[in-house]
Amino acid sequence: MDNPLKPTPETADVVVANLKKRFGLVEAVRDVSFEVYAGEIFGLLGPNGAGKTTTIRMMMDIFKPDAGSISLWGGPLTEEKKRRIGYMPEERGLYKDEKLEPTLIFLATLKGLSAAEARSRLNPWLERLDLAEHRHKKIQELSKGMQQKAQLIATLIHEPDLIVVDEPFSGLDPVNTRLIKEILEAQRQAGKAIIMSNHQMHQVEELCTRIVLIDRGRSVLYGKVSEIKRNFAGNAVAIQGHGNFEDLPGVLHVHRENGSWQIGLQPGVSPQEIFRSLATRKDVTVERFEISEPSLEDIFVQTVQGKVEEGDHA
């Protein structure tokens, strides 16, 4: 796939090139490529079953790729390099019958810390994430949100250089979601490379500078979020007026924002078609109509839907 940004792989912390992975008859990953740099939060996106988790597991050396290459800090993954990675999988891996504090200390020692060093680092994390008073509880006694925060501590306590988080906001209330965002942003500012897989597009748009969108095992969209949104301008319109704008033909999705109707258009539908359709409607009044920059969610749906339709016609 052509890369309009032409990054320099030599300076990237992570270089994934033309990955392929098959499980029996299922081609889980067909052709995935991207680079991740220190000091950025990089979005790894795609619908369910697209190949995101398989790609991450190949990066973590859990699966071996059938073809392609993965380079971390200029070479293959070694045991020493594994200690420089913090990985928070979507399927959480805490020992539910064990108590919180000794579990987190044990996991930190697996990353090379002494028990004393792990305990010293753990206390500030427990305080910051409001878990200090729960340190002697069994993991299974904690709420889902508390377990999520505990998993984040296990991911970060050894101060990794590469942080991989899969659905980091799952089970969190708005207060803790904001806290985790602040923590990830602080890690980015400290120069860490962060790969985030997340289904909530507004959070990706808020946090990530660059993204790759994987669909049916292939990289189908890659680059800076700002440039991708500019390239998709014309696939969304903003309407200010009165009436119901939700049943217009050719509309992908509609929502209200700051007093306007933000309307994402289906692939192949132009703003002019929407404008002509509105001109025939007697049940709406249009005060302002303009082409707007689409949301990342609109782009995600348009791209994936378009690829599905291409496949259907093949």
Report the Stokes-Einstein translational diffusion coefficient (µm² s⁻¹, integer) for segment 234-292, Rh taken as the Kirkwood radius over Cα pairs, at 20 °C with viscosity 1.002 mPa s. 192
Tell me, what ³J(HN,Hα) does each residue in segment 143-148 have, in order and in whole Hz, if you take phi through Karplus 6.51 cos²θ - 1.76 cosθ + 1.60 with θ = phi - 60° and put x for Gly and Pro? 5, 4, x, 5, 4, 4
Taking 18 Å as the cut-off for C-alpha to C-alpha distance, list the pairs among K82/K144; K99/K149; K20/K111; K82/K192; K181/K224 that go past it. K82/K144; K20/K111; K181/K224
Using the count of nearby Cβ atoms within 10 Å as a rough guide to exposure, how do I62, I153, I180, I214 rank from fewest to most? I62, I180, I153, I214
How far apart, in nm, are the 7 Å Cα→Cβ label points at E227 and N18? 2.2
Using 5 Å bins from zero, what percent of all Cα-Cα pairs in segment 47-150 falls into each bin? 2, 10, 18, 18, 16, 13, 12, 7, 2, 0
As a check on your grasp of the helix formula, calculate [θ] at 222 nm for the chain: sum -39500 (n - 2.57) over DSSP H runs of n ≥ 4, divide by the residue count, round to the nearest 500. -10000 deg cm²/dmol
Running Debye on segment 4-100 with equal point scatterers at the Cα sites and no solvent, what base-10 log of I(q)/I(0) appears at q = 0.11, 0.17 Å⁻¹? -0.37, -0.85
Relative contact order computed over the chain (Cα-Cα under 8 Å; 6+ residues apart), in percent: 20
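Evaluate the charge dipole of the chain about its Cα centre and quote only its size in Debye, nearest 20, assuming +1 on the Cβ of each Lys and Arg and -1 on the Cβ of each Asp and Glu.
On the way: 40 positive and 45 negative charges, 141 e Å.
With only Lys, Arg, Asp and Glu charged at Cβ, the dipole is about 680 debye.
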With both partners inside the chain, how many of the DSSP beta bridges are antiparallel, as a percent to the nearest 5? 70
Suppose every Lys and Arg Cβ carries +1 and every Asp and Glu Cβ carries -1, with no other charges. What dipole size does segment 22-117 come out with about its Cα centre, to the nearest 20 debye? 80
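Equivalent-ellipsoid semi-axes (√(5λ), Cα gyration tensor) for the chain, whole Å, largest first?
So the three semi-axes of the chain are 40, 25, 17 Å.
Any read-out appearing in this document is the output of simple, stated calculations on the displayed coordinates, not a laboratory observation. Fair warning: this is a prediction, and the values are worked out from it, not measured in the lab. For neighbour counting, all protein chains shown are included, and Cβ atoms are generated from backbone atoms with ideal geometry for every residue, glycine included.
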